[in-house]
Amino acid sequence: MRAKTLLAAATAAMLLIGGCGGPQGQEGSPNGPTQGEKGRITICLLPKQKGIPYFTSCAEGAQEAAKELDVELIYDGPTDGSPEKAAAMVEKWALQGVDAICVSPNDPNVLAPAMKAARQKGVKVITWDADAPSDAREVFVNQATAEQIGTALVDTLVKDMGGKDVKGEVAIITATATAANQNEWIVHIKERLKAYPNLRLGSVVPSNEDQKLAFQAAQDLIKASPDLKGILAISSTAFPGAAEGIKQAGKAGQVQVTGLSTPNDMRAYVKDGTVKSVILWNTKDLGYLTVQVAAQLVRGTFKGTDPTVKAGRLGEKRVEGDNVLLGDILVFTKDNIDQFQF
Amino acid sequence: MRRLIATHEAGLAALLAALLVAAWRTDPAFVSWRVQSGLLPQIGETALLAVPMTLIVITGGIDLSVGSVMALASVLFGLGFRSGWPVEACAAAALAAGLLCGALNGWFVTRFRVHPLIVTLGTMSAFRGLAEGVSAARPVSGFPDTFLRIGQGWTAVGLFAALTLAGTAVLARHVLGRRIYGIGLGESAARASGWNVDRLKASLYAFSGLMAGVAGVLFTARRNTAKADVGAGIELEVVTAVVLGGTSIFGGRGTLVGTALGLAVLHEVRQFVGWRWSNDVLNLVVVGALLIGAVTLNGVISRRPAGSVEGG
Amino acid sequence: MRLRGVPGPALVLALLCALATAINPAFLSPRNLTDLMLAAAPTLIAACGLMLVVASGEIDISIGSLLGLCAAVAGTLSSPDRLGLPPSLAVAATLALGLGVGLLNGVLVSLVRVPSIIVTLGMLSVLKGANELLMGGKWITRLPDGLRAWGTGSVLGVPVPIAACAAVVALTWLLANRTAWGRRVFAVGSNADSARLAGIPVGRTKLAAFGLAGLLVALATLVSVPRLSLVDSGVGVGFELLVVTCVVVGGVSIRGGTGTILGVVLGVLLLSSVRTVLIFLQLGESSLYWERAIQGALILAAVMGDAAGRRREARA
Amino acid sequence: MAELLRTEGLGRSFGGVRALDGVNLDIAEGEVHALCGENGAGKSTLIRILCGALRPSAGRVLWLGAPLPEGVHRCEAAGIAAIHQEPVSFPDLDAVDNVFLGWEPRRGPLLDRRAMVRRTREALRELGEDLPLARPVGELPMAQRQMVALARALVRECRLLILDEPTAALSARETDALFAVVRRMRERGVSVLYVSHRLDEVFALADRITVLRDGRKVDTLPARETDRDGLIRRMVGREVPEAPSTETAAAGGPVLRVEGLSLPGAFEGVSLEVRSGEVVGLAGLVGAGRTELLEAIYGLRRFREGKATVGGRALRPGSVPSSLAAGVALVPEDRHRQGLIPSWPVSWNVSMASLGAVSRLGWISPGAERARAEAMARLLQIKCAGVRAPASSLSGGNQQKVVLAKGLFLGPRLLLLDEPTRGVDVGAKHEVHQLVRRLAAEGAAVLAASSDMPELLALCDRIVALRGGRISGELRRSEFSEPALLSLILPEEGAA
């Protein structure tokens, strides 16, 4: 019996060795970074969650920049959006000795210690998409702060509802109850809502990143409160779910919904009028700029304190303090959405 | 029986060795002390929870609520800290909460004689929901450095090592260990021998809760955050490691050394896949396949002849 | 008719609905009830399959990941942005996938004799990984009308998901109570040794239960995912816990052998109405954060009720 | 009458113990054939072979002249239905399902439920039973479960019906109904193999009687050629019971005192006393409450009324630790479930109930444990490949000695024995008896329950008989005889 087990284990081991040896020679296989290679720098790009279109389109822009600058780009992140797994990846990359790590922290508190540790190992660490405490990174590639996002969400919704005189209730459909990012936005949304005394915040409903739950929540909210005039669906799964819910409830035009999403995912709803505005920035450009900044930091052609940075096809970008600014928040409407393909 | 355990452990050790050799051939840096010691803390909380889980599974039970207890402990720690309690008091409250949660599991399991799978499925939701409710899902952060330092090093792994050593001794030589195996193999015989089966079982669940409380505090220190989604999904990881380590899900069989090896294999496979391919998706597939594969292989090898009912 | 698992959930459900209606009469509107049914339909379809697996003494916790993979396959095959194949083909492939995965689980459990909780735990992450690989980081945004009809269309004025769900409930009832195989599923779970002595092929019976459960998960995918316009990579996450919870609250014993369709229907309705009731109660913005705690309390209440019931039976 | 079934030189051994040895038996069509013998005579082994649940290790079974097919299901299909003492049943399913599972009548793809209900009801009516068809049978009283199992055999068109102690849990009315059914089946040409301890039933029903003893066939004879005494003589196998052993110690002071102990559904108002140095037997049929009484004294069951004291110390109801502290040890009936952990080494099993004695501060000393286990093994002459061998590798008799050793480990003041020699071969049986006597001689009190009458007669100083949960009488040594004991434990004449 013992012999049998050992045999089995040995067989498994052979397969494993064979299997691992194989891909080295194969063409096009993804290659891990190796410290030995000189000259070519390695940049890691960490999204909050891998596998969702927003970050996938960022990654496309990042890849474009990587090709232009001839850097090795590793794009990986937790498929479930867990900040703990993200922190583990940062730790791993730091041990691999990569040159730069670009982090979009799903929870800055969780990621900051790992980022600081990576910096101590000599890795250039920057944040993009969302920020972390300033001592955890060199610069922040800033498309918009949480405050700007919260304000833009409320203002756009109010505009879509017909102006600041509209009375009624507003509800929020968020990602999960514990999503750090969304919770920060909610703080600013509440702050901004004070500017509109006619509006009242109803429920905050978690959708657990489940489109179906967001759909159901939108329908329940509409029925439960005849006063409901608007919904802020502030995660990329909640937004289309809520839009579909409003559409199927026959309330398109009466209840407005807005949120952050890529134009591609919301195009149909904007075209059929269920959604008037979608808020976002140019995600491809964001990814592109991030890799540009990271590579130049590594090569020393950009120091965090410079007033501007040359970013390839984007031209010169302004630097404010330690924030590299991408530009304004975009609002996609029926009129302009077809100009954006991402 | 003992030979069977030994062979499973030998198989795992061989698998681990093979894995490390394969990794070394591909990228020697991965097997270096610097990298390995840097990656080790990541398995800390899982390892800590695997000790009581092994004991519980040996008695024929399971505890699915560990991740949720971690979250509740973490949230209570955070709430205490926000109200200005000293860190020691927060930690004591978190551990007490963990112990209480575990005791509640034990009470349900022994008092109502309901399958632990169902009880802890219920408390898994209930404890996590409680954590979400009392914290309104808001995280607490900004703990003092002295506290954070506890989490950065090897505290959890060290505690696991100590518990494994002590636990192995207890399982091998102590009356409690003998009873834990005995309950898993024949609860009736255990009761007929005058053992207080219910008290021992309830204590194990309480121990599990306490360790989950410790893991919750350590996690809070390691990641500088106290919030309600701490430890989500960790129960599956812990059970995977325990089962991979050769503990029978039906009870009566298993060792902590096996669990340690199971943890090591799980950890190394995952880290190596991440190191080599930087692909979180691949990890899901590899770990799932590893679990099914190992248990199937073990089942096929240790297949016993059919029971007493012949023919049929 | 045995009522175990029925009175408790029925009572709580009635109380919840009464409470919600008292605070907000809109709760009882036909529209809301239809929406509730629509939301519960896929869960109920999957719960019917799981009930049979649990009744046979096993468990399947891979159904959430299977739902996600089925959604990805249906979308990938039929979306004009991807392969653009005819929707009927996508439907057939999805059903075949569900059946196939269910049977694979069944083979590992009944022939290789790996405990079902381990097999399906492993399968949970394997299928999730396959889903992510297939989606490739992008969502499927355009589903063809032929597929969307499964979610949004109606048959004789009844929405397709509700019609499908009603059909599944009726057929499962028939299967469980009026066919030899159905009764054998319960027999196997009640006493596997006796079943063997009575000449019932225990392994094959379980295998079929797993296969059916997989098939029903595929059907649940078809009537839930096309209700929305896009397929994302998070479809089905946590679905297995919801369904297991519903089945347990519905009075199906995890030891096997028992369970009624009526109980499962009530369990599903109860669990899926908690969130709607909370929204209708309008208790304030953070009230929804207690949803999970309430679900957990429901399971524990079901557990205690079941234990009390067993003691009563023992005295009888 | 044509021959239906014949066995030729049938034998079966379990772990070296011969349970059945060269049995030749034939059953004719349409006869009621009774099978008699003491416990352990090989009846149940024979039955299990005949219904396909057990393969013989020697000889063969011919069914209508051809070898019997293998497996329960094929035997059932061939026309053999068996109802065991613990009937095949699905506790969660209702009576109709229990009757038809495995061979359900169908109409198209669906069950012919109406026919199933109708035929179940008919069968039950024929048995004079009216029970709720929709209740899970696990919730029914034992007697009704038995009736459901009978209905299963009845509905099934069988040619040979095997009944193993069918009336053990039945009332007089139910027994009458059963008899009527058996007679009617005989008229229809069905053969019945009837196993019962109730000799009056045997004489009321049987055409022929086969007597087994120690795994061998003693005789097959027409029922009208013998009588009750003759049958008992054949079962016992000797005219005079074994001479009581002479080494009777003088009984000392009372150790166990039980007063008015009751556990509803098991026993009622039981009072007895066991003195130091005394071996008291507890006789009774299956279901008379012997096991329950012992388990209640040991604390595994919680008695409701009455009082039990050991050495003057009152026992807490339902508390094993309290009984252990008072010096009570139990050797349980169900060796594999309650007595042993079969995969464990002998030494671990021996020390199971007294780990405190081989450990310090909870740490077990393997040396001390092994030494004491070895000492016990020597004392009890346990034959094993060392005390580290797993208990499952031992023969039944030696396994039982291990269980006994476990009970004796602490030198108990009161030893409770439940079927101490079930499934144990003759040699080992004798050794166990000597051991128990020696223990008593050293001052322990012993209360031994057994359905093996010669055992009780040889072993005990006094025998208390239980019938239906109540004490039906007591025999002192001078009154010992099997007929006297039988008449105390068998249901009173005419009760059936």
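The values are calculated or read from the model by the stated rules, or taken from the named source; none is laboratory data. The structure presented is a predicted model; accordingly, all values stated were derived computationally and were not measured. A quick note on method: Cβ atoms are made from the backbone with ideal geometry, for glycine too, and the neighbour counts reach across all protein chains shown. Only protein heavy atoms, including side chains, enter the accessible area calculation; ligands, DNA and RNA are left aside. Shrake-Rupley method; radii C 1.70, N 1.55, O 1.52, S 1.80 Å.
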| request: Test residue C:120 against the stated conditions and say whether it is modelled with pLDDT of 95 or more, buried (at least 18 other Cβ atoms within 10 Å of the Cβ) and in contact with a Ser or Thr (Cβ under 7 Å, 6 or more places away or on another chain). | output: no
| task | Kindly indicate whether residue A:64 is more than 8 Å from chain B (Cβ to nearest Cβ), among the charged types (D, E, K, R) and under 30 Å from residue C:72 (Cβ atoms). | result | yes
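Residue by residue, here is whether (1) open to solvent by 10 Å² or more (accessible area, probe 1.4 Å); (2) on the phi < 0 side of the Ramachandran plot; (3) of a type outside the set (Phe, Trp, Tyr); (4) within 14 Å of chain B (Cβ to nearest Cβ) holds:
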| residue | (1), (2), (3), (4) |
| --- | --- |
| A:163 | yes, no, yes, no |
| A:179 | yes, yes, yes, yes |
| A:185 | yes, yes, no, yes |
| A:193 | yes, yes, yes, no |
| A:197 | yes, yes, yes, no |
| A:200 | yes, yes, yes, no |
| A:212 | yes, yes, yes, no |
| note | Residue pairs qualifying under the 6 Å Cβ cut-off, at least six apart or on distinct chains, with the first in region A:88-108 being of a type in the set (Gly, Ala, Ser) and the second being outside any loop (DSSP other than H, G, I, E, B), are A:88/B:42; A:94/A:118; A:100/A:43; A:100/A:124; A:100/A:294; A:100/A:298; A:104/A:128
| note | When region D:333-357 is checked residue by residue, the ones that are more than 9 Å from chain B (Cβ to nearest Cβ) and hydrophobic (A, V, I, L, M, F, W, C) are D:346, D:350, D:357
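Given the criterion within 21 Å of residue B:91 (Cβ to Cβ) and either of a type outside the set (Val, Ile, Thr) or surrounded by fewer than 19 Cβ atoms within 10 Å (Cβ to Cβ) (or both), identify the matching residue among B:178, B:191, B:199, B:138. So that I can check it myself, show each step before the final result.
Numbers: B:178 fails: within 21 Å of residue B:91 (Cβ to Cβ); B:191 fails: within 21 Å of residue B:91 (Cβ to Cβ); B:199 fails: within 21 Å of residue B:91 (Cβ to Cβ).
The unique qualifying residue is B:138.
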| message | If residue A:159 meets every condition in (1) closer than 21 Å to residue B:220 by Cβ; (2) not assigned by TED's automatic domain parsing to the domain that holds residue A:321 apart from one, which number is that one? | response | (1)
| Per-region count, region B:23-61, residues part of a helix (DSSP H, G or I), surrounded by fewer than 21 Cβ atoms within 10 Å (Cβ to Cβ) and among the small types (Gly, Ala, Ser) | 3
| note | Across region B:220-277, the tally of residues that are aromatic (Phe, Trp, Tyr) and farther than 29 Å from residue C:115 by Cα stands at 2
| So, in region A:228-240, of the ones that are at pLDDT below 90 and not β-branched (Val, Ile, Thr), which residue ends up most open to solvent (accessible area, probe 1.4 Å)? | A:236
| Only one of B:117, B:159 is within 14 Å of chain C (Cβ to nearest Cβ), open to solvent by 20 Å² or more (accessible area, probe 1.4 Å) and either assigned to a helix (DSSP H, G or I) or free of Cβ contacts under 8 Å to residues at least 12 places away in the same chain (or both); which? | B:117
| request: Mind listing whichever residues of region D:433-455 are closer than 22 Å to residue D:43 by Cβ and open to solvent by less than 10 Å² (accessible area, probe 1.4 Å)? | output: D:449, D:450, D:455
| task | Please work out which one of (1) at pLDDT below 95; (2) out of contact with any Phe, Trp or Tyr (no Cβ under 7 Å at 6 or more places or on another chain) is the condition residue C:91 fails and give its number. | result | (1)
| message | Going by what's in this entry, would residue C:95 be described as touching a helix residue (DSSP H, G or I) at 6+ places or on another chain (Cβ under 8 Å), more than 30 Å from residue C:31 (Cβ to Cβ), more than 14 Å from chain B (Cβ to nearest Cβ) and without any contact (Cβ under 8 Å) to a residue 40 or more places away in the chain? | response | no
| Mind checking whether some residue in region A:285-298 is within 14 Å of another protein chain (Cβ to nearest Cβ) and either open to solvent by 40 Å² or more (accessible area, probe 1.4 Å) or touching a Leu at 6+ places or on another chain (Cβ under 8 Å) (or both)? | yes
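Take residue A:84 and tell me if it is under 30 Å from residue C:131 (Cβ atoms), within 12 Å of chain B (Cβ to nearest Cβ) and under 20 Å from the mean Cα position of the chain (by Cα). Explain how you work it out, then say what you get.
Working: under 30 Å from residue C:131 (Cβ atoms): yes; within 12 Å of chain B (Cβ to nearest Cβ): yes; under 20 Å from the mean Cα position of the chain (by Cα): yes.
When the stated conditions are applied, residue A:84 passes them.
Within region C:1-114, which helices (runs of 4 or more DSSP H) (wholly inside it) include 2 or more residues that are of a type outside the set (Phe, Trp, Tyr) and more than 30 Å from residue A:224 (Cβ to Cβ)? Full working, then the answer.
Numbers: elements: C:7-23, C:30-55, C:63-78, C:87-110.
Counting at least 2 such residues, we get C:30-55, C:63-78, C:87-110.
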| task | Any chance you could count how many residues in region D:275-305 are open to solvent by less than 20 Å² (accessible area, probe 1.4 Å) and away from chain B (no Cβ under 14 Å)? | result | 13
| Exactly one of (1) open to solvent by 10 Å² or more (accessible area, probe 1.4 Å); (2) within 25 Å of residue A:106 (Cα to Cα) is unmet by residue A:306. Its number? | (2)
| note | For residue A:261, the lone unmet condition from (1) away from chain B (no Cβ under 14 Å); (2) small (Gly, Ala, Ser); (3) open to solvent by 10 Å² or more (accessible area, probe 1.4 Å) is (3)
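For the condition open to solvent by 10 Å² or more (accessible area, probe 1.4 Å) and of a type outside the set (Asp, Glu), what is the one hit in D:116, D:147, D:142, D:185?
Working: D:116 fails: open to solvent by 10 Å² or more (accessible area, probe 1.4 Å); D:147 fails: open to solvent by 10 Å² or more (accessible area, probe 1.4 Å); D:185 fails: open to solvent by 10 Å² or more (accessible area, probe 1.4 Å).
Only one candidate qualifies: D:142.
Answer yes or no as to whether residue D:135 is among the charged types (D, E, K, R), closer than 16 Å to residue D:94 by Cα and at pLDDT 85 or above. Steps first, answer last, please.
Details: among the charged types (D, E, K, R): yes; closer than 16 Å to residue D:94 by Cα: yes; at pLDDT 85 or above: yes.
Here the answer is yes, as residue D:135 does meet what is asked.
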| field | In region D:331-386, the residues that are open to solvent by 50 Å² or more (accessible area, probe 1.4 Å), part of a loop (DSSP other than H, G, I, E, B) and of a type in the set (A, V, I, L, M, F, W, C) | value | D:361, D:385
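If you check residue A:243 against the conditions, is it aliphatic (A, V, I, L, M), buried (at least 22 other Cβ atoms within 10 Å of the Cβ) and in the same structural domain as residue A:209 (by TED's automatic domain parsing)?
yes
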| Options C:79, C:88; residue that is within 30 Å of residue C:124 (Cβ to Cβ) and within 14 Å of chain A (Cβ to nearest Cβ) | C:79
| query | residue C:299 is checked against (1) touching a helix residue (DSSP H, G or I) at 6+ places or on another chain (Cβ under 9 Å); (2) open to solvent by 10 Å² or more (accessible area, probe 1.4 Å) and fails just one. What number does that condition carry? | reply | (2)
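Is it the case that residue C:139 is buried (at least 21 other Cβ atoms within 10 Å of the Cβ), more than 10 Å from every other protein chain (Cβ to nearest Cβ) and more than 21 Å from residue B:283 (Cβ to Cβ)? Talk me through it step by step, then tell me what you get.
On the way: buried (at least 21 other Cβ atoms within 10 Å of the Cβ): yes; more than 10 Å from every other protein chain (Cβ to nearest Cβ): no; more than 21 Å from residue B:283 (Cβ to Cβ): yes.
No, not satisfied.
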| said: Need pairs with beta-carbon distance below 8 Å; first residue at pLDDT 90 or above and within region D:286-298, second assigned to a helix (DSSP H, G or I); sequence gap 6+ or separate chains. | reply: D:297/D:323; D:298/B:192; D:298/D:320; D:298/D:323
